[in-house]
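Novice: Pasting a structure here, questions to come.
The values are calculated or read from the model by the stated rules, or taken from the named source; none is laboratory data. Note that this is a predicted model, so its numbers are computed, not measured. Here the Cβ is made from the backbone with ideal geometry for all residues, glycine too, and neighbour counts use every protein chain on show. Protein only, heavy atoms only, side chains kept; ligands, DNA and RNA dropped before computing areas. Shrake-Rupley method; radii C 1.70, N 1.55, O 1.52, S 1.80 Å.
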Amino acid sequence: MRLFAMALWRRGAAWLRRCRGKEGRGPGVLRGCAGCREVVRTCERYAVRRLPFARPEERDVAFFERLMPGRVLAGEEEAEAFNVDWLRSVRGCSQLVLKPQTTAEVSQILRYCYERNLAVNPQGGNTGLVGGSVPVFDEIILSTALMNQIISFDKVSGILVCQAGCVLERLSEYVEEQGFIMPLDLGAKGSCHIGGNVATNAGGLRLLRYGSLRGTVLGLEVVLADGSALDCLTSLRKDNTGYDLKQLFIGSEGTLGVITAVSILCPQKPKAVNVAFLGCQSFAKVLETFTTCRAMLGEILSAYEFMDEKCMELVERYLKLSSPVADSPFYVLIETSGSNTTHDEEKLNNFLERAMASGLVTDGTVATDNKKIKVLWSLRERITEALTHEGYVYKYDISLPVEKLYDLVTDMRARLGQSAKNVVGYGHLGDGNLHLNITAESYSHSLLDAIEPFVYEWTARCSGSISAEHGLGFKKRQFIEYSKPRKAVLLMQQFKAMLDPKGILNPYKTLPSAPERSTG
């Protein structure tokens, strides 16, 4: 390394020694929380009308217990943890949780529920952020937690086939042993399921390099509402025969079918990974740093993340993490991944020298060893966790033209003033994705009214999307027309009616219904 980069690295090494023992829970492990009953029921907070589904009875429980002995949870206490989302912002009142292990069992469950007109809530790792993974009323929870088997892995093509309930972090560890990596990486990787990732079309930290799941997912096995199984679990990279049906289910949030298995293309594991954590004095500098970075790093650039100083304050205050770079209004995390250590370090060093010499970056550190890389990533990945310590969190996942990305944060701060504890912005700048988070001591209907629909109107004026990667779930479904024309929404509703005529799959989610309003 040149002297400049070496100085950054030494400073980072000293910081890493100070940080050891402060990391707490490893990044990406999102756990359920105690006190579920403190969360107000969704059907009480929002004026939602229960649709005319049948209510689960003792005969239904008996049927499922015969089908899956020992894998049925019945009763309010047994189902409690499955009824509340990780953010503790929505809560259902289901008293029946089913844990199938095979596609055949899922098929029998849905066939029975379809005949009985029982609503079903598919649930993976329950790490969703828009209320899509928990019931609104008493829908039967179909958990994929026990559908966690790896079916096959081709070491030549890098194609992995697995059940939908496999935890992303476990899959990552498995394919890394084979010399590959998963094409997506999320802060929630320690808990989220690959089926849920696909059902929500999760983006994450590697999208800049490897693209979205719409490109890396090769095939799916899906059980439809009536219990019929659709086997499109191909492992072919090229298949141009008819309509690409898997795309219907990617991002459908469990409303069109239950994904039971996934075929996904895994990239080769890079031999050289570097992470730079840098400080910038303005968002304009963040943008210019990205332009320079993309031009100079080219094919080895794998992530470009940004966060504002408020994010860093919360991570340090609540999680006791320590930043190697202090007193910057904005922070940038850049990751490179390649096959040649010397080549990659030279390109990174050239970029860092240019960035420092031109005043784009005022301070920074570089990590080349795996432990320090993980510590640096934790500063970005655990922001969501830190925010939950503030109280209630209003979360918005927006796609915008990159030059306008932070203007929304600035305008929201000015609009809300002292009515919010904090308004913070961070996200995947490389693909134009802002995570806008607003915190308060507790849920406030008046604060929600000040945020919505303003945030969606602002986004629509900039030709953005109100959901970049989290999905619509329960919380955003009524606002879909800020991003999609009415004709497109109507076509989506027609697809839903065709594939799920009775509407039993994840009702009250993704697509709008009659106007509804939160009541506090």
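Novice: If a residue must be outside any helix (DSSP H, G or I) and small (Gly, Ala, Ser), how many such residues does the stretch 374-394 contain?
Specialist: 1
Novice: I'd like the full set of residues that are part of a loop (DSSP other than H, G, I, E, B), more than 17 Å from the chain's Cα centre (by Cα) and not hydrophobic (A, V, I, L, M, F, W, C), limited to the stretch 192-236.
Specialist: Residues satisfying the conditions are 226, 227, 228, 234, 235.
Novice: Okay, moving on. Restricting to the stretch 421-471, name every residue that is open to solvent by less than 40 Å² (accessible area, probe 1.4 Å), among the polar types (S, T, N, Q) and over 16 Å from the mean Cα position of the chain (by Cα).
Specialist: Once the filter is applied, which keeps residues that are open to solvent by less than 40 Å² (accessible area, probe 1.4 Å), among the polar types (S, T, N, Q) and over 16 Å from the mean Cα position of the chain (by Cα), the stretch 421-471 yields 422, 439, 444, 459.
Novice: From the list 327, 239, exactly one residue is outside any helix (DSSP H, G or I), open to solvent by 40 Å² or more (accessible area, probe 1.4 Å), acidic (Asp, Glu) and assigned by the TED database to the domain that holds residue 435. Which is it?
Specialist: None of the others qualify; the one that does is 327.
Novice: Quick one: residue 484 ticks every box in (1) assigned to a loop (DSSP other than H, G, I, E, B); (2) open to solvent by less than 60 Å² (accessible area, probe 1.4 Å) except a single one, so which number is it?
Specialist: Single failed check for residue 484: (2).
Novice: Out of the residues in the stretch 347-367 meeting the condition of being open to solvent by 50 Å² or more (accessible area, probe 1.4 Å) and either outside any helix (DSSP H, G or I) or not aliphatic (A, V, I, L, M) (or both), tell me which one is farthest from residue 294 (Cα to Cα).
Specialist: Checked the stretch 347-367; the qualifying residue farthest from residue 294 (Cα to Cα) is 362.
Novice: Right, something else. Filter the stretch 260-299 down to the residues that are assigned to a strand (DSSP E or B), open to solvent by 10 Å² or more (accessible area, probe 1.4 Å) and aromatic (Phe, Trp, Tyr) and list them by number.
Specialist: Within the stretch 260-299, no residue meets the criteria.
Novice: Right, something else. Please report, ordered by residue number, the strands (runs of 3 or more DSSP E) entirely within the stretch 85-152 with at least 2 residues that are of a type in the set (A, V, I, L, M, F, W, C).
Specialist: Where strands (runs of 3 or more DSSP E) fall fully within the stretch 85-152 and carry at least 2 residues being of a type in the set (A, V, I, L, M, F, W, C), they are 96-98, 140-143.
Novice: A further question follows. Does the stretch 179-191 include one or more residues that are in a loop (DSSP other than H, G, I, E, B) and touching a strand residue (DSSP E or B) at 6+ places or on another chain (Cβ under 6 Å)?
Specialist: Among the residues of the stretch 179-191, not one is in a loop (DSSP other than H, G, I, E, B) and touching a strand residue (DSSP E or B) at 6+ places or on another chain (Cβ under 6 Å), which makes the answer no.
Novice: Residues of the stretch 472-481 being open to solvent by 30 Å² or more (accessible area, probe 1.4 Å) and either assigned by the TED database to the domain that holds residue 397 or of a type in the set (A, V, I, L, M, F, W, C) (or both), which ones?
Specialist: 479
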